[in-house]
2 protein chains.
Amino acid sequence: MTLQTQNVFRALADPTRRDIVQMLANRDMTIAQLTERFDMTRAAVKKHLTVLSDGGLISVEIRGRERVNRLEPSGMAPVLDWFSYFDQFWDDRLAHLKAAIEGDEK
Amino acid sequence: MTLQTQNVFRALADPTRRDIVQMLANRDMTIAQLTERFDMTRAAVKKHLTVLSDGGLISVEIRGRERVNRLEPSGMAPVLDWFSYFDQFWDDRLAHLKAAIEGDEK
DNA sequence: TTAATATGATACCAAATGGTACTACGTCAA
DNA sequence: TTGACGTAGTACCATTTGGTATCATATTAA
């Protein structure tokens, strides 16, 4: 397992961070704008953004004194890759079910 | 966000638990069998199994004095549902996984 | 220049987390 | 019946985590 995979799973484990990800899916936002939406201090939001950045889920564009946070959906790839491990498992289960049904028809 | 969604994300946030999930994808296993594969005590593995159970990712079949842990792939549905929010950002990889897992539900 | 704005960074705290050790209890086999 | 086996449960510990408060720095506007 790569460190990056762990960082992404960890980043998505917190409900506040998942909310941030969904908000950034709609539009880029600064820390101050994000903080308006939550009942916590800007420092707390900043910490969450750091974890999301470590997970490669967001990037930051410096615009004057503002830092615009942008979603990087490609950062979610490690999670989807991990889930793809179960493709064969699910296919096998479905194949067994199919075989059982067909065997029952005879 | 549902409590169940949080429980699944939390369950998958730990690398040991993700390893357990992958092992159980290959075959059902008891706690003792799982513990052989890790460098930690049975009590620690048991705690991880409790978290996985809370997330609906495994079920337990009592067989005599043994407890056989079985993967419940349908428990991953909340995660795939959450990811489907980002359809606009990526291709149909997710749709494929989601169709497979939902087909596995009873 | 000066003051307000937007953010970064650090120290600190309570609670959650991942782990161990130890004990207890039901089940199987001799 | 007795003892080994497989597991559950609890107390306890160190570290991580999510949060606040506070101060520092850079940029914009008057």
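See the values below:
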item: Yes/no for A:Thr16 being under 26 Å from B:Ala77 (Cα atoms), touching a His at 6+ places or on another chain (Cβ under 9 Å) and hydroxyl-bearing (Ser, Thr, Tyr); result: yes
item: B:Asp14 within 11 Å of DNA strand C (Cβ to nearest atom) and either surrounded by 15 or more Cβ atoms within 10 Å (Cβ to Cβ) or closer than 17 Å to A:Asp14 by Cα (or both); result: yes
item: Yes/no for A:Ala25 being within 11 Å of chain B (Cβ to nearest Cβ), touching a strand residue (DSSP E or B) at 6+ places or on another chain (Cβ under 6 Å) and either modelled with pLDDT under 95 or within 16 Å of DNA strand D (Cβ to nearest atom) (or both); result: yes
item: Counted residues, the range A:54-64 - those being within 9 Å of DNA strand C (Cβ to nearest atom) and in contact with a helix residue (DSSP H, G or I) (Cβ under 9 Å, 6 or more places away or on another chain); result: 1
item: Qualifying residue in the range B:80-96 (condition: surrounded by 13 or more Cβ atoms within 10 Å (Cβ to Cβ), at pLDDT 95 or above and of a type in the set (A, V, I, L, M)); result: no
item: Residue match in the range B:43-52 (condition: more than 12 Å from DNA strand C (Cβ to nearest atom) and within 17 Å of the chain's Cα centre (by Cα)); result: no
item: Evaluation of A:Ile20 against (1) more than 14 Å from DNA strand D (Cβ to nearest atom); (2) surrounded by 15 or more Cβ atoms within 10 Å (Cβ to Cβ); (3) under 22 Å from B:Gln6 (Cβ atoms) (one fails), failing number; result: (1)
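The values are calculated or read from the model by the stated rules, or taken from the named source; none is laboratory data. Worth saying up front: this structure is predicted, and the values here are computed from it rather than measured. Quick reminder, even Gly has a Cβ in these numbers, built from the backbone with ideal geometry, and neighbours come from all protein chains shown.
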